[in-house]
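Asker: Below are the C-alpha cells for one structure; questions will follow.
Read-outs: derived from the displayed coordinates by stated rules, not from any lab. On a predicted model such as this, the values are computed, not experimentally measured, just so you know. A quick note on method: Cβ atoms are made from the backbone with ideal geometry, for glycine too, and the neighbour counts reach across all protein chains shown.
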Amino acid sequence: MQCPYCKRTNTRVVQTFMAQDVFGEFVRRRRACCDCGFRWWTRERAE
Ligand SMILES: [Zn+2]
C-alpha cells in the first residue's frame, strides 16, 4: 500500500480491527510508513 504522504510503498500494518456497519463486516487497519513515519487508517472490506 502506498503512503498518502510521501507516496512510497514501504509501509507496514500496525494494528487490525474488525468492525461492522450496515453493509457488513469490514477491516480497519492502522498503517505506518517506514520511510516518513506517517500513520493513517485504512478501511477494507472483508473478503
Ligand atoms: Zn511515507
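Asker: Could you give the C-alpha radius of gyration of the chain expressed as a fraction of 2.2 N^0.38 Å, taking N as the number of residues it contains?
Answerer: Here the Cα radius of gyration is 1.24 times the empirical estimate.
Asker: So, one more: Whole-Hz Karplus ³J(HN,Hα) for segment 31-38, in order, using 6.51 cos²θ - 1.76 cosθ + 1.60 and θ = phi - 60°, x for Gly and Pro?
Answerer: 10, 10, 8, 6, 8, 9, x, 5
Asker: If packing is taken as the mean number of other Cβ atoms within 10 Å per residue, what is the order of 18-24, 3-9, highest first? Please report the intermediate quantities before stating the final value.
Answerer: Details: 18-24: 7.9, 3-9: 13.3.
The most tightly packed comes first, giving 3-9, 18-24.
Asker: OK, next. Do any cysteines in the chain lack another Cys Cβ under 4.7 Å, and if so which?
Answerer: C34
Asker: Mind giving me the nanometre distance, one decimal, between the label points for N10 and E25, set 7 Å out from Cα along Cα→Cβ?
Answerer: 3.5
Asker: Please get the size of the charge dipole for the chain, origin at its Cα centre, with Cβ charges of +1 on Lys and Arg and -1 on Asp and Glu, quoted in debye to the nearest 20.
Answerer: Approximately 240 debye in magnitude.
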